[in-house]
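FYI, it's all coordinate maths here, none of it is from the lab. Worth saying up front: this structure is predicted, and the values here are computed from it rather than measured. Using ideal geometry, Cβ is built from the backbone for each residue, glycine included, and neighbour counts are taken over all protein chains shown.
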Amino acid sequence: MMAKVTFIQPDHRRRTVEIENGYTVMQGATANNIAGIKAECGGACSCSTCHCYVETTWFDRLPPVEDEEAGLLEFAWEPKPTSRLTCQLVVTDELDGLILYVPEQQL
Amino acid sequence: MPEVFAVVGAGHCAGQAAASLRQQGFAGDIVIIGEEPHVPYQRPPLSKKFLIGELPLERVYLRPPKFYRDNNIELLLDTRVVALRRREHEIVLADGRRRHYDKLLLATGSSPRRLQVTGVDLPGICYLRTIADAQRIQPHLRAEKNLVVIGGGYIGLEVSAVAAQRRMRVTLLEVDGRILNRVAAPVISDFFVQLHRQHGVDIRCNARVLRFEGSERVTGVICEDGRIEADLVVIGIGIAPNTELAQSAGLPCGNGIIVDEYCQTADAAIFAAGDCSNHPNPLLQRRLRLESVHNAVEQGKTAAANMCAKGQRYAEIPWFWSDQYDVKLQIVGLAAGYDQLVQRGRMEEGGFALFYLKDGVLIAVDAINNPREYMACKKLIPQRLRIAPERLADPTVAMQDMA
């Protein structure tokens, strides 16, 4: 199974990619060379360079933020209440249609 | 004829550089030439989740093989480069074939330093740098068997943690007076010694290996103060940059391939990046060589940008991490040269941060289970701030208020 995930760049360019269930949104982003998702630690929850803003209606449908992720997000580049690290979002059928905004920078 | 940008090496830096070349809009040919049979992959999991078997091989790959097809990036894997003919702009492969390049990126990485003692070539004695190395070690990580780890750096400690979790009997030998001597303060060394002892790892410092015993396979490690039973030995005593190719092509080298802030070598058509590069860093105000994912990724991007004539300088504060048991160590900056230490928080409270200061300026942090302090320092350290030690030490002062 795959989920369609849309990334919207700061200049409003959109790209929708298909990510296989079980992979993280971050892995889907790097596999498709989505600009602005640096994902430097490769998904070890050790940086914050896969940070995205989740479209508001989607935010509450995601699994909750664990403390480790919360700590990194607090100091990510311009965090918002809808911030998430995409390495912590594992793709399931429920995520089909997910919309994410890529921040202007990553720290 | 389209322009050809070649990348020698197929590690993290090479993979990033190729992806970045496409992001920069380069439409010519890209070829990645690597000695290993794998598409560019991440090395950190090799001593962590991949080694313990929690991460399948395809998740270790930086990007799926399909990515390279989709982006028209040619992969020449299992292929060794034996020479560069700079005047002809040619790469010579081991089988004698030659490949043309217009611009070349050397992302040749580094190789484990070898221990030079009798018996070191016995089966069962391993280094850990590649997927093949990890796969060689994996079947021998068996409960009740004896593992001897040589070297108390991050690789040795991470392998020890994995093995202890597999209920092996682990002995770690460090030739220095303490583990992590080159990279961290004694507080951090002590913390990790305690952590590993709690998990049954026997850490011995000032322990010099004299030779290995065994006929078919290694069976023992002989030190100055006796013999240690061994079914498996993993050696992690540092890495050295792969500069032979650059050197034999007459490019200036010295603890790495010498590049400028644009990752450009003395030859304007040749760039070098990642573990193998000796580069200037304006934020650290010195030249250095770094062995880290962050450096591999960021230099890969810088080199790619400059191969596309974007004039981008490399200026990054290094960061690193290590996972051992349920402890996550996150590091920003380089601690070398510090003259003051400040601790914030205590392990009993779940985690702590150790700040390194030099002349009152915050230069580095080791954060243990403490992502907030770590992230805050990623912003603070590049600013070279003087921060009062008593404020840093006071957990009631928010990290947001330090600047």
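Think of each Lys and Arg Cβ as +1 and each Asp and Glu Cβ as -1; about the Cα centre, that makes the dipole of region A:2-101 roughly 440 debye. Applying a threshold of 32 Å to the alpha-carbon distances of A:4/B:49; B:310/B:378; B:310/B:358; B:145/B:301; A:80/B:103 flags B:310/B:358; B:145/B:301; A:80/B:103 as lying beyond it.
In chain A, a dipole from Cβ-located charges (positive for Lys and Arg, negative for Asp and Glu) runs towards its positive end, and of A:36, A:65, A:85 it is A:36 whose Cα lies farthest in that direction. With the convex hull drawn over the C-alpha atoms of region B:326-401, the volume per residue is 80 Å³. I want to verify a result. In a Gaussian network model of chain B, Cα cutoff 10 Å, which of these has the top mean-square fluctuation: B:296, B:269, B:161? Sorting by GNM fluctuation, first place goes to B:269. Distance between the pseudo-spin-label points of residue B:190 and residue B:225 (7 Å out from Cα toward the beta carbon): 2.0 nm.
The stretch between residue B:326 and residue B:400, if pulled fully straight at 0.36 nm per residue, gains 24.0 nm over its current Cα-Cα span. Rounded to the nearest 500, the helix-only mean residue ellipticity at 222 nm of chain B stands at -6500 deg cm²/dmol, with each DSSP H run of n ≥ 4 adding -39,500 (n - 2.57). A prolate overall shape is assigned to region B:218-274, the ratio a/c of its alpha-carbon gyration tensor axes (a ≥ b ≥ c) being 1.5 or greater and a/b exceeding b/c.
Full extension of the chain between residue B:143 and residue B:120 yields a length gain of 5.9 nm, computed as 0.36 nm times the residue separation minus the alpha carbon distance.
Dipole orientation for chain B: of the candidates B:247, B:146, B:300, B:300 has the Cα lying most toward the positive pole (charges on Cβ; Lys, Arg +1; Asp, Glu -1). Counting only DSSP beta bridges with both residues in the protein assembly as shown, the antiparallel share comes to about 60 percent. With both residues required to sit in region A:2-101, DSSP beta bridges show an antiparallel share near 75%. Relative contact order for chain B: 14 percent, from Cα pairs under 8 Å spaced at least 6 residues apart, divided by residue count. Mean partner shielding of peptide A:29-42, defined as the number of other chain Cβ atoms within 10 Å of each residue Cβ, is 5.
Overall shape: rounded for region A:2-101, with the ratio a/c of the largest to smallest alpha carbon gyration tensor axis below 1.5.
Counting alpha carbon pairs within less than 8 Å and at least 6 residues apart, what relative contact order, in whole percent, applies to chain A?
With pairs under 8 Å counted, the relative contact order is 42 percent.
When both bridge partners sit in region B:114-235, DSSP labels roughly 35% of those beta bridges antiparallel. Distance from the C-alpha centroid of region B:1-41 to that of region B:324-391: 36 Å, rounded to the whole angstrom. Specify whether the C-alpha gyration tensor of the protein assembly as shown places it in the rounded, prolate or oblate class, a ≥ b ≥ c being the square roots of the eigenvalues: rounded for a/c under 1.5, otherwise prolate if a/b is larger than b/c and oblate if not. Verdict is rounded for the protein assembly as shown.
Assuming R0 = 35 Å, can you tell me the calculated FRET efficiency for the pair residue B:310 and residue B:97, based on Cβ-Cβ distance, to the nearest 0.05?
So the FRET efficiency works out to roughly 0.65.
Each of residue B:182 and residue A:2 was given a label point 7 Å from its Cα along the Cα-to-Cβ line. The distance between the two points is 4.5 nm.
Counting Cβ atoms of other protein chains within 10 Å of each residue's Cβ and taking the mean over peptide B:318-330 gives 2. Peptides B:354-362, B:273-281 ranked from most to least packed give B:273-281, B:354-362, packing being the mean of other C-beta atoms within 10 angstrom over each peptide's residues.
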